[in-house]
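Just below is one structure, and these are the notes that go with it.
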Amino acid sequence: MTAMLTERMLNLVPRDYEIVEREDVGLTALIATRPQRMDAEGFRNVLIFPGGVTVSWASLHRFRDVQESEESDGALRIHIRMAGRSIITSASARSFEIEPRSCTVPIGPAGVVRTQRFFSGDEERSVTVSCDKNYLIEYLGLDPSLYSGALSDYLNDVNGICSIISTDLSFELREAAAAFFEAAGAPFARCLLLQSRANDIIRIFFEQIVRRDVRGSQPRSRDRLAVARVMKILEDRYQQPPAANEIARQAGMSLSKLSKLFKAVEGKTMMEYLLMVRMRRALDLMREGDLSITQISYEVGYEYPANFSTAFRRFFGTSPREALSQV
């Protein structure tokens, strides 16, 4: 590993965290860290790719309210919060609450110090992809003219005030983020997969911003709440979900309207979301190691194990048996 990459790696280790493992795969570096303080447990890992892209992902439980500060390096940070909430503040911007199931991007110049307050009892689960504008424009070929507001200022090197952009945490973004907690296999294959997922997160974020600007607005709060209720139904009853018409009745709207609304908010259909819930649960059961593949297929709602195996392969790109041997 080059001295420059080593220095970059050490700068990315959060304050009050200690390095517990480091793995180098070519010019890619993976560091695993954990809190040194007694008021939190879990991990925050960092993956550094050549070219100016880094990813950090965390699963943390805090036992009391905690404040964590960091100084911006000017990179664009796409933050996906899968669970837990916090409040972010800086000297030059108003406070902003980061909610569960959200995607936020702080915008501002290098040197800005931001402080996040995390709350006692919360379980943070998050993924943050960081990259600089040169990577976006020169390497990926992003067209700055497609964007407006603070994002346009950032891409065009206009000195703007600090702000925070938020967009939907769509099905696709959650899928890409989940890979960082689930990737297995040889280091070479794992790094390639995670580099691909990091670029997926960048691509999906910018695609969503363009679509949102074309629509002119984001889904209304009450629409989001209706979709969230449907998601909860599917998550709680994934083994034997209600019929689609019954779900629509519980949501208080027609099936046609609900289907369009769910797709608009989540980027996927209700059946695709149900599949995701079942596959995630199947992977959890594999990690627990107590059940056979046939038993797992029944546990996640499949009457026939062959149908489960087909769905699993289509979703993960590998068979249940191959996945079971790697977890």
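Here are a few things to note about the model shown:
- For the stretch 81-130, a tally of residues being hydroxyl-bearing (Ser, Thr, Tyr) and either more than 13 Å from the chain's Cα centre (by Cα) or farther than 21 Å from residue 55 by Cβ (or both) returns 7.
- Residue within the stretch 278-291 that is of a type in the set (A, V, I, L, M, F, W, C), part of a helix (DSSP H, G or I) and over 19 Å from residue 235 (Cα atoms) present: no
- Of all residues in the stretch 246-265, at least one satisfies being under 13 Å from residue 231 (Cα atoms), in a helix (DSSP H, G or I) and among the charged types (D, E, K, R).
- Residues located in the stretch 170-191, provided they are aliphatic (A, V, I, L, M) and under 24 Å from residue 137 (Cα atoms): 173, 176, 177
- Total residues in the stretch 62-86, condition part of a strand (DSSP E or B) and either on the phi > 0 side of the Ramachandran plot or loosely packed, with under 15 Cβ neighbours inside 10 Å (or both): 5
- Test: residue in the stretch 79-99 that is modelled with pLDDT of 90 or more and of a type in the set (Lys, Arg): yes
- Pairing residues of the stretch 26-37 that are touching a residue at least 12 places away in the same chain (Cβ under 8 Å) with residues that are surrounded by 19 or more Cβ atoms within 10 Å (Cβ to Cβ) and outside any strand (DSSP E or B), at Cβ distances under 7 Å and at least 6 apart in sequence or on separate chains, gives 28/191; 29/9; 31/9.
- Residues satisfying the stated conditions in the stretch 103-133, i.e. among the basic types (Lys, Arg) and not in a strand (DSSP E or B): 133
- Residue list for the stretch 288-324, restricted to those being surrounded by 12 or more Cβ atoms within 10 Å (Cβ to Cβ) and closer than 17 Å to residue 179 by Cα: 312, 313, 315, 316, 318, 319, 320, 322, 323, 324
- Filter result for residue 136 (part of a helix (DSSP H, G or I) and either in contact (Cβ under 8 Å) with a residue 60 or more places away in the chain or not assigned by TED's automatic domain parsing to the domain that holds residue 202 (or both)): yes
- Residues (in a helix (DSSP H, G or I) and under 23 Å from the mean Cα position of the chain (by Cα)) located in the stretch 153-171: 154, 155, 171
- Selection over the stretch 278-300 of residues that are within 23 Å of residue 175 (Cα to Cα), of a type in the set (Val, Ile, Thr) and either free of Cβ contacts under 8 Å to residues at least 60 places away in the same chain or not assigned by TED's automatic domain parsing to the domain that holds residue 232 (or both) gives a count of 2.
The values are calculated or read from the model by the stated rules, or taken from the named source; none is laboratory data. Keep in mind that this is a model prediction, so the values were computed, not measured. Virtual Cβ from ideal backbone geometry, glycine too; neighbours counted across all protein chains shown.
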